[in-house]
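Enquirer: Can you read through this structure? Questions will come right after.
The values are calculated or read from the model by the stated rules, or taken from the named source; none is laboratory data. Not measured: the values here are computed from a predicted model. Note: ideal-geometry Cβ built from the backbone for every residue, glycine included; neighbour counts use all protein chains shown.
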């Protein structure tokens, strides 16, 4: 992973979706009610996972576009993952790269998104969206780097059962909708192979220390 310098006193505050950009009262009420939790979510990533970037307006209550009927709102988090070049990773098929990223990040991000049990069980919340993006190591278009992306959509009930130990990671993945993109080209729904990976819990960035008073789990 890339080396990162010392932490900053406070994370930027442009990561949550502004209230005026929501298209329904349900979404605005969720965003107002849990604004502190949304900010705590990206602040925890900012301080404790410095190789992971939460992009602007990437935390909030989105409606998955593939859903029809009703105003179903998923707590959504989009992150960009920085990593050093790896010939072994680059040689994998896209499905296998997606599987590796899913295995490494989906469980830990879901844990972070549900630390407030009141938010996780709110009757107005219908599920969770975790979007993972990383730079494709080979190939570029017009001199611009290509990013690969997977979007993982989890309904609230199976996510809660997984967090309670009632579903395995494999069972959760089987109940998820996982979509992939190669750059801007949609590749459709992806099956994933799961790997045991505790990287997020154990990785330490060289020469990086969180700010005083920050405790990272």
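Enquirer: What number goes with the only condition from (1) surrounded by 14 or more Cβ atoms within 10 Å (Cβ to Cβ); (2) touching a residue at least 40 places away in the same chain (Cβ under 8 Å); (3) in contact with a helix residue (DSSP H, G or I) (Cβ under 6 Å, 6 or more places away or on another chain); (4) under 22 Å from residue 114 (Cβ atoms) that residue 180 does not pass?
Expert: (4)
Enquirer: On to the next question. When region 33-44 is examined, which residues are found to be crowded, with 21+ Cβ neighbours inside 10 Å and either without any contact (Cβ under 8 Å) to a residue 12 or more places away in the chain or under 12 Å from the mean Cα position of the chain (by Cα) (or both)?
Expert: 41, 42
Enquirer: Quick one: count up the residues across region 48-81 that are over 24 Å from residue 203 (Cβ atoms), assigned to a strand (DSSP E or B) and at pLDDT below 95.
Expert: Of region 48-81, the ones over 24 Å from residue 203 (Cβ atoms) are 56-57, 60-76.
Then keep just the ones that are assigned to a strand (DSSP E or B); that gives 56-57, 60-62, 74-76.
Keeping just the survivors that are at pLDDT below 95 gives 56.
Here the count works out to 1.
Enquirer: Residue check: is residue 159 within 15 Å of the chain's Cα centre (by Cα) and surrounded by 14 or more Cβ atoms within 10 Å (Cβ to Cβ)?
Expert: Values: within 15 Å of the chain's Cα centre (by Cα): yes; surrounded by 14 or more Cβ atoms within 10 Å (Cβ to Cβ): yes.
When the stated conditions are applied, residue 159 passes them.
Enquirer: Go over the candidates 129, 193 one by one and state the one that is part of a strand (DSSP E or B) and either in contact (Cβ under 8 Å) with a residue 60 or more places away in the chain or in contact with a strand residue (DSSP E or B) (Cβ under 7 Å, 6 or more places away or on another chain) (or both). Walk me through how you get there before you give the answer.
Expert: On the way: 193 fails: part of a strand (DSSP E or B).
Unique residue meeting the criteria: 129.
Enquirer: Could I ask something else about it? Which condition number in (1) in contact with a helix residue (DSSP H, G or I) (Cβ under 6 Å, 6 or more places away or on another chain); (2) within 24 Å of residue 57 (Cα to Cα); (3) free of Cβ contacts under 8 Å to residues at least 24 places away in the same chain is the one that residue 175 fails?
Expert: (2)
Enquirer: Output the residues belonging to region 96-135 that are modelled with pLDDT of 95 or more, exposed (fewer than 15 other Cβ atoms within 10 Å of the Cβ) and over 22 Å from residue 60 (Cα atoms).
Expert: 96
Enquirer: Which one of 85, 123 is under 22 Å from residue 195 (Cβ atoms) and either free of Cβ contacts under 8 Å to residues at least 40 places away in the same chain or assigned to a loop (DSSP other than H, G, I, E, B) (or both)?
Expert: On the way: 123 fails: under 22 Å from residue 195 (Cβ atoms).
Result of the check over 85, 123: 85.
Enquirer: Return yes or no: is residue 50 within 20 Å of residue 149 (Cα to Cα) and either surrounded by 14 or more Cβ atoms within 10 Å (Cβ to Cβ) or touching a strand residue (DSSP E or B) at 6+ places or on another chain (Cβ under 7 Å) (or both)?
Expert: On the way: within 20 Å of residue 149 (Cα to Cα): yes; either surrounded by 14 or more Cβ atoms within 10 Å (Cβ to Cβ) or touching a strand residue (DSSP E or B) at 6+ places or on another chain (Cβ under 7 Å) (or both): yes.
Against the criterion (within 20 Å of residue 149 (Cα to Cα) and either surrounded by 14 or more Cβ atoms within 10 Å (Cβ to Cβ) or touching a strand residue (DSSP E or B) at 6+ places or on another chain (Cβ under 7 Å) (or both)), residue 50 qualifies.
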